[in-house]
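A quick write-up on the structure given underneath.
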Amino acid sequence: MDTLQKWRHLNRSIKAMEATSNTKVGLVYFAWLDSYLNNYLPGFFVDAFFSYRWSGLYFHPRHMRLEVQPQKASFSSVDGVLLARNCVNVAVHDPAICDNYKIRLGGKAVYDLPELSDNSKPTENHPVAVDIGKRAGGRTVVGMIGLAPHQGLQLFCNLAVACPSDEFFFAFIGSDPTDTLGAEKSDWLKVRYSDRENCFFHLRALQEGPEYNAVFNAMDIIWLVYPNFTSTSNRLTKAAYFRKPVLASGGFILGELVEKFGLGITLDDQNLENAVAALTLLSKDQLLEREADYEGYLALNSYRRFVEQLTLSTTR
(Lines give C-alpha, C1' and ligand atoms only; values in the text may rest on other atoms or scores of the structure.)
Protein backbone atom coordinates (compact mmCIF):
# COMPACT_ATOMS: atom_id res chain seq x y z
CA MET A 1 0.00 0.00 0.00
CA ASP A 2 1.55 3.35 -1.01
CA THR A 3 1.65 6.20 1.47
CA LEU A 4 -1.29 8.18 0.10
CA GLN A 5 -3.40 5.02 0.14
CA LYS A 6 -2.53 4.57 3.81
CA TRP A 7 -3.96 8.01 4.53
CA ARG A 8 -7.12 7.22 2.57
CA HIS A 9 -7.55 3.85 4.24
CA LEU A 10 -7.11 5.38 7.70
CA ASN A 11 -9.68 8.08 6.91
CA ARG A 12 -12.24 5.44 5.89
CA SER A 13 -11.49 3.33 8.97
CA ILE A 14 -12.00 6.25 11.35
CA LYS A 15 -15.27 7.24 9.70
CA ALA A 16 -16.51 3.66 10.00
CA MET A 17 -15.56 3.61 13.67
CA GLU A 18 -17.37 6.90 14.27
CA ALA A 19 -20.50 5.57 12.58
CA THR A 20 -20.63 2.39 14.66
CA SER A 21 -19.65 3.91 18.01
CA ASN A 22 -21.55 7.19 17.82
CA THR A 23 -18.39 9.16 18.63
CA LYS A 24 -16.56 12.01 16.93
CA VAL A 25 -12.78 12.04 16.59
CA GLY A 26 -11.32 15.45 17.34
CA LEU A 27 -7.66 14.71 16.64
CA VAL A 28 -5.63 11.74 15.37
CA TYR A 29 -2.22 11.22 16.95
CA PHE A 30 0.39 9.16 15.10
CA ALA A 31 2.66 7.36 17.57
CA TRP A 32 4.98 6.53 14.63
CA LEU A 33 4.52 9.27 12.06
CA ASP A 34 7.47 8.20 9.90
CA SER A 35 5.50 5.55 8.00
CA TYR A 36 2.98 8.18 6.82
CA LEU A 37 5.60 10.45 5.24
CA ASN A 38 7.11 10.24 1.78
CA ASN A 39 8.77 12.32 -0.89
CA TYR A 40 6.51 14.00 -3.44
CA LEU A 41 3.50 13.80 -1.12
CA PRO A 42 2.58 17.44 -0.40
CA GLY A 43 0.31 18.42 2.42
CA PHE A 44 -2.58 19.53 0.22
CA PHE A 45 -2.79 15.99 -1.21
CA VAL A 46 -3.26 14.58 2.26
CA ASP A 47 -5.79 17.28 3.16
CA ALA A 48 -7.88 16.13 0.21
CA PHE A 49 -8.05 12.54 1.47
CA PHE A 50 -7.72 12.83 5.25
CA SER A 51 -10.28 15.10 6.85
CA TYR A 52 -9.19 14.96 10.50
CA ARG A 53 -6.89 17.23 12.49
CA TRP A 54 -3.72 15.34 13.30
CA SER A 55 -0.35 15.39 15.00
CA GLY A 56 2.32 12.82 15.71
CA LEU A 57 5.82 11.81 16.73
CA TYR A 58 8.41 11.93 13.95
CA PHE A 59 11.12 9.54 15.15
CA HIS A 60 13.81 9.95 12.51
CA PRO A 61 13.92 13.37 10.80
CA ARG A 62 17.43 12.59 9.52
CA HIS A 63 17.37 15.40 6.97
CA MET A 64 17.43 17.97 9.78
CA ARG A 65 20.83 16.65 10.83
CA LEU A 66 22.43 15.59 7.55
CA GLU A 67 21.57 18.29 5.03
CA VAL A 68 21.43 22.05 4.65
CA GLN A 69 17.72 22.71 4.72
CA PRO A 70 15.65 25.27 2.83
CA GLN A 71 13.58 27.60 4.98
CA LYS A 72 10.44 25.65 4.22
CA ALA A 73 9.59 22.05 3.44
CA SER A 74 8.90 21.55 -0.25
CA PHE A 75 6.74 19.48 -2.58
CA SER A 76 9.53 16.92 -3.00
CA SER A 77 10.84 16.75 0.57
CA VAL A 78 10.06 13.75 2.75
CA ASP A 79 8.33 15.97 5.31
CA GLY A 80 6.19 17.98 2.90
CA VAL A 81 3.14 16.25 4.42
CA LEU A 82 3.71 18.24 7.60
CA LEU A 83 2.60 21.39 5.77
CA ALA A 84 -0.91 19.95 5.53
CA ARG A 85 -3.59 22.30 6.79
CA ASN A 86 -4.90 19.61 9.15
CA CYS A 87 -1.47 18.95 10.68
CA VAL A 88 -1.60 21.03 13.86
CA ASN A 89 1.96 20.34 15.08
CA VAL A 90 4.65 17.68 15.22
CA ALA A 91 6.83 16.15 17.95
CA VAL A 92 10.43 14.91 17.70
CA HIS A 93 12.99 13.32 20.03
CA ASP A 94 15.66 15.94 19.26
CA PRO A 95 15.43 19.22 21.22
CA ALA A 96 18.27 20.79 19.22
CA ILE A 97 16.28 20.86 15.97
CA CYS A 98 12.95 22.17 17.27
CA ASP A 99 13.53 25.87 16.55
CA ASN A 100 14.86 25.29 13.03
CA TYR A 101 12.11 22.81 12.29
CA LYS A 102 9.48 25.34 13.36
CA ILE A 103 10.91 27.74 10.76
CA ARG A 104 10.96 24.99 8.14
CA LEU A 105 7.27 24.27 8.78
CA GLY A 106 6.22 27.90 8.48
CA GLY A 107 5.84 28.52 12.21
CA LYS A 108 4.01 25.30 13.07
CA ALA A 109 4.76 24.17 16.63
CA VAL A 110 7.43 21.47 17.08
CA TYR A 111 7.61 19.76 20.47
CA ASP A 112 10.47 17.82 22.03
CA LEU A 113 9.06 14.54 23.34
CA PRO A 114 11.30 12.88 25.95
CA GLU A 115 12.80 9.42 25.44
CA LEU A 116 11.23 7.20 28.08
CA SER A 117 12.47 3.78 29.16
CA ASP A 118 10.95 0.97 31.20
CA ASN A 119 12.83 1.17 34.49
CA SER A 120 11.08 -1.71 36.23
CA LYS A 121 12.90 -3.36 39.11
CA PRO A 122 15.27 -5.97 37.63
CA THR A 123 14.45 -9.63 38.12
CA GLU A 124 16.52 -10.91 41.02
CA ASN A 125 19.05 -13.62 40.19
CA HIS A 126 18.08 -13.74 36.54
CA PRO A 127 20.11 -16.64 35.08
CA VAL A 128 21.57 -14.62 32.19
CA ALA A 129 22.63 -11.79 34.49
CA VAL A 130 24.08 -14.22 37.01
CA ASP A 131 25.98 -16.06 34.26
CA ILE A 132 27.46 -12.80 32.95
CA GLY A 133 28.69 -11.89 36.42
CA LYS A 134 30.22 -15.29 37.08
CA ARG A 135 31.98 -15.54 33.74
CA ALA A 136 33.22 -11.96 33.83
CA GLY A 137 34.97 -12.68 37.13
CA GLY A 138 35.46 -9.05 38.07
CA ARG A 139 36.39 -7.80 34.61
CA THR A 140 34.69 -4.73 33.15
CA VAL A 141 31.55 -5.90 31.34
CA VAL A 142 30.86 -4.03 28.10
CA GLY A 143 27.35 -4.79 26.90
CA MET A 144 25.66 -4.54 23.52
CA ILE A 145 21.92 -5.22 23.42
CA GLY A 146 20.57 -5.57 19.90
CA LEU A 147 23.07 -6.99 17.43
CA ALA A 148 22.22 -5.02 14.30
CA PRO A 149 24.79 -3.58 11.88
CA HIS A 150 23.52 -0.03 12.41
CA GLN A 151 24.29 -0.44 16.11
CA GLY A 152 28.01 -0.78 15.49
CA LEU A 153 28.27 -4.57 15.61
CA GLN A 154 31.42 -4.72 13.48
CA LEU A 155 33.42 -2.38 15.73
CA PHE A 156 32.11 -4.14 18.84
CA CYS A 157 33.33 -7.49 17.47
CA ASN A 158 36.75 -6.04 16.68
CA LEU A 159 36.97 -4.54 20.17
CA ALA A 160 36.35 -7.94 21.72
CA VAL A 161 39.47 -9.17 19.92
CA ALA A 162 41.63 -6.08 20.47
CA CYS A 163 40.96 -5.33 24.15
CA PRO A 164 42.94 -7.10 26.90
CA SER A 165 40.94 -10.24 27.73
CA ASP A 166 42.00 -10.05 31.38
CA GLU A 167 40.43 -6.59 31.74
CA PHE A 168 37.31 -6.57 29.55
CA PHE A 169 34.41 -8.95 29.09
CA PHE A 170 32.00 -8.44 26.16
CA ALA A 171 28.31 -9.37 26.33
CA PHE A 172 26.50 -9.87 23.02
CA ILE A 173 22.75 -9.81 23.70
CA GLY A 174 19.99 -10.07 21.09
CA SER A 175 18.60 -12.11 18.23
CA ASP A 176 21.22 -13.90 16.12
CA PRO A 177 22.08 -11.42 13.33
CA THR A 178 24.02 -13.84 11.09
CA ASP A 179 21.50 -14.01 8.25
CA THR A 180 21.08 -10.22 8.09
CA LEU A 181 24.74 -9.22 7.92
CA GLY A 182 26.75 -7.96 4.97
CA ALA A 183 30.33 -6.71 5.30
CA GLU A 184 30.21 -7.31 9.06
CA LYS A 185 29.59 -11.04 8.71
CA SER A 186 33.19 -12.23 8.74
CA ASP A 187 34.04 -10.23 11.87
CA TRP A 188 30.90 -11.52 13.59
CA LEU A 189 31.60 -15.15 12.72
CA LYS A 190 35.23 -14.84 13.83
CA VAL A 191 34.13 -13.76 17.29
CA ARG A 192 31.03 -15.95 17.51
CA TYR A 193 32.80 -19.25 16.80
CA SER A 194 36.29 -18.65 18.17
CA ASP A 195 35.44 -19.72 21.74
CA ARG A 196 36.89 -16.51 23.12
CA GLU A 197 36.96 -16.58 26.91
CA ASN A 198 36.15 -12.86 27.14
CA CYS A 199 32.86 -13.06 25.22
CA PHE A 200 29.33 -14.00 26.26
CA PHE A 201 26.47 -14.68 23.83
CA HIS A 202 22.75 -14.70 24.55
CA LEU A 203 21.28 -14.84 21.05
CA ARG A 204 17.65 -14.31 21.89
CA ALA A 205 15.68 -11.11 22.33
CA LEU A 206 15.00 -10.04 25.90
CA GLN A 207 11.53 -9.25 27.14
CA GLU A 208 11.23 -5.55 27.96
CA GLY A 209 10.89 -4.86 31.68
CA PRO A 210 12.36 -6.77 34.65
CA GLU A 211 14.18 -9.38 32.52
CA TYR A 212 15.75 -6.81 30.21
CA ASN A 213 16.74 -4.62 33.14
CA ALA A 214 18.34 -7.50 35.02
CA VAL A 215 20.67 -8.21 32.09
CA PHE A 216 21.22 -4.49 31.43
CA ASN A 217 22.15 -3.94 35.07
CA ALA A 218 24.76 -6.72 34.89
CA MET A 219 26.82 -4.53 32.54
CA ASP A 220 29.39 -1.92 33.55
CA ILE A 221 29.54 0.03 30.27
CA ILE A 222 26.71 0.32 27.76
CA TRP A 223 27.49 0.28 24.04
CA LEU A 224 25.77 3.04 22.03
CA VAL A 225 28.27 3.56 19.21
CA TYR A 226 25.83 3.64 16.31
CA PRO A 227 27.55 4.90 13.14
CA ASN A 228 25.76 7.73 11.30
CA PHE A 229 22.85 7.48 13.73
CA THR A 230 21.09 10.84 13.88
CA SER A 231 18.43 9.97 16.47
CA THR A 232 18.30 9.39 20.21
CA SER A 233 17.86 6.09 22.04
CA ASN A 234 15.89 5.23 25.16
CA ARG A 235 18.82 3.01 26.13
CA LEU A 236 20.57 6.24 27.11
CA THR A 237 17.66 6.99 29.45
CA LYS A 238 17.89 3.48 30.90
CA ALA A 239 21.66 3.84 31.31
CA ALA A 240 21.20 7.10 33.20
CA TYR A 241 18.56 5.53 35.45
CA PHE A 242 20.80 2.58 36.34
CA ARG A 243 23.89 4.84 36.56
CA LYS A 244 25.76 3.07 33.78
CA PRO A 245 28.36 5.01 31.76
CA VAL A 246 28.04 4.75 27.99
CA LEU A 247 30.33 4.69 25.01
CA ALA A 248 28.35 6.47 22.30
CA SER A 249 28.68 7.81 18.79
CA GLY A 250 29.35 11.53 18.52
CA GLY A 251 28.29 14.17 16.04
CA PHE A 252 24.50 14.03 16.48
CA ILE A 253 21.94 14.27 19.28
CA LEU A 254 22.96 11.06 21.05
CA GLY A 255 26.54 12.23 21.43
CA GLU A 256 25.47 15.79 22.27
CA LEU A 257 23.39 14.55 25.19
CA VAL A 258 26.17 12.27 26.46
CA GLU A 259 28.63 15.17 26.41
CA LYS A 260 26.22 17.74 27.86
CA PHE A 261 25.33 15.60 30.88
CA GLY A 262 28.65 13.80 31.27
CA LEU A 263 27.13 10.36 30.76
CA GLY A 264 30.18 8.75 29.18
CA ILE A 265 32.56 9.16 26.25
CA THR A 266 31.75 9.74 22.57
CA LEU A 267 33.53 8.52 19.45
CA ASP A 268 33.51 10.59 16.28
CA ASP A 269 34.59 7.70 14.07
CA GLN A 270 34.83 3.91 13.92
CA ASN A 271 38.56 3.87 14.65
CA LEU A 272 39.48 0.77 16.66
CA GLU A 273 42.40 2.32 18.55
CA ASN A 274 40.26 5.25 19.65
CA ALA A 275 37.55 2.88 20.83
CA VAL A 276 40.02 0.81 22.88
CA ALA A 277 41.39 3.98 24.48
CA ALA A 278 37.89 5.24 25.29
CA LEU A 279 36.87 1.94 26.90
CA THR A 280 40.05 1.90 28.96
CA LEU A 281 39.39 5.44 30.17
CA LEU A 282 35.76 4.67 31.02
CA SER A 283 36.70 1.58 33.01
CA LYS A 284 39.27 3.41 35.10
CA ASP A 285 37.79 6.92 35.42
CA GLN A 286 36.57 7.10 39.00
CA LEU A 287 35.49 10.74 38.52
CA LEU A 288 32.79 9.88 35.98
CA GLU A 289 30.24 8.72 38.56
CA ARG A 290 30.64 11.95 40.55
CA GLU A 291 30.59 14.26 37.53
CA ALA A 292 27.75 12.69 35.55
CA ASP A 293 24.52 14.67 35.78
CA TYR A 294 22.21 11.69 35.75
CA GLU A 295 19.43 13.56 37.51
CA GLY A 296 19.57 16.42 35.02
CA TYR A 297 19.24 14.06 32.10
CA LEU A 298 16.43 12.09 33.75
CA ALA A 299 14.53 15.32 34.48
CA LEU A 300 14.72 16.21 30.78
CA ASN A 301 13.41 12.74 29.90
CA SER A 302 10.93 12.21 32.71
CA TYR A 303 7.42 10.80 32.49
CA ARG A 304 6.07 14.08 33.86
CA ARG A 305 7.70 16.10 31.09
CA PHE A 306 6.57 13.53 28.53
CA VAL A 307 2.95 14.02 29.62
CA GLU A 308 3.35 17.81 29.52
CA GLN A 309 4.76 17.80 25.99
CA LEU A 310 2.29 15.21 24.73
CA THR A 311 -0.61 17.19 26.19
CA LEU A 312 0.56 20.32 24.41
CA SER A 313 0.89 18.47 21.09
CA THR A 314 -2.60 17.01 21.33
CA THR A 315 -4.51 20.05 22.60
CA ARG A 316 -3.18 22.91 20.48
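The values are calculated or read from the model by the stated rules, or taken from the named source; none is laboratory data. Every value quoted in this text rests on a predicted model; they were computed, and no experiment measured them. No Cβ is skipped: glycine too gets one built from the backbone with ideal geometry, and neighbour counts run over all protein chains shown. Side chains are part of the model used for accessible areas, which takes the heavy atoms of the whole protein and leaves out ligands, DNA and RNA. Shrake-Rupley method; radii C 1.70, N 1.55, O 1.52, S 1.80 Å.
Computed values, structure above
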read-out	value
Some residue of the range 180-190 being of a type in the set (S, T, N, Q) and in contact with a strand residue (DSSP E or B) (Cβ under 9 Å, 6 or more places away or on another chain)	no
In the range 25-73, the residues that are hydroxyl-bearing (Ser, Thr, Tyr) and either assigned to a strand (DSSP E or B) or buried (at least 16 other Cβ atoms within 10 Å of the Cβ) (or both)	Tyr29, Tyr36, Ser55, Tyr58
Residue under evaluation Ala160, criteria (1) closer than 30 Å to Phe59 by Cα; (2) touching a residue at least 12 places away in the same chain (Cβ under 8 Å), criterion not met	(1)
Residues of the range 7-24 satisfying the condition of being in contact with a helix residue (DSSP H, G or I) (Cβ under 8 Å, 6 or more places away or on another chain) and either open to solvent by 50 Å² or more (accessible area, probe 1.4 Å) or not in a helix (DSSP H, G or I) (or both)	Arg8, Thr23, Lys24
Whichever residue in the range 233-247 is open to solvent by less than 30 Å² (accessible area, probe 1.4 Å) and within 22 Å of Tyr58 (Cα to Cα) and, among such residues, is modelled with the lowest pLDDT	Ser233
Residue that is over 27 Å from Leu254 (Cβ atoms), in contact with a strand residue (DSSP E or B) (Cβ under 6 Å, 6 or more places away or on another chain) and among the aromatic types (Phe, Trp, Tyr), where the choices are Tyr101, Tyr52, Tyr58	Tyr52
Qualifying positions in the range 81-107 - open to solvent by less than 30 Å² (accessible area, probe 1.4 Å) and of a type outside the set (A, V, I, L, M, F, W, C)	Asn86, Asn89, His93, Asp94, Tyr101, Arg104
Of residues in the range 205-215 being more than 18 Å from Phe156 (Cβ to Cβ) and not aromatic (Phe, Trp, Tyr), the one most open to solvent (accessible area, probe 1.4 Å)	Gln207
Single condition Val78 does not satisfy, out of (1) in contact (Cβ under 8 Å) with a residue 40 or more places away in the chain; (2) open to solvent by 60 Å² or more (accessible area, probe 1.4 Å); (3) over 30 Å from Phe216 (Cα atoms); (4) part of a loop (DSSP other than H, G, I, E, B)	(2)
Listing of helices (runs of 4 or more DSSP H) fully contained in the range 223-316 that carry 3 or more residues being of a type outside the set (Val, Ile, Thr) and more than 30 Å from Asn86 (Cβ to Cβ)	234-241, 253-261, 272-284, 288-291, 294-300
Any hit, the range 113-128, residues being basic (Lys, Arg), within 27 Å of Ala31 (Cα to Cα) and either at pLDDT 90 or above or open to solvent by 40 Å² or more (accessible area, probe 1.4 Å) (or both)	yes
Arg204 being of a type in the set (Lys, Arg), under 28 Å from Asp118 (Cβ atoms) and over 19 Å from the mean Cα position of the chain (by Cα)	yes
Residue list for the range 150-185, restricted to those being under 18 Å from Leu206 (Cα atoms) and either among the basic types (Lys, Arg) or open to solvent by 40 Å² or more (accessible area, probe 1.4 Å) (or both)	Ser175, Asp176
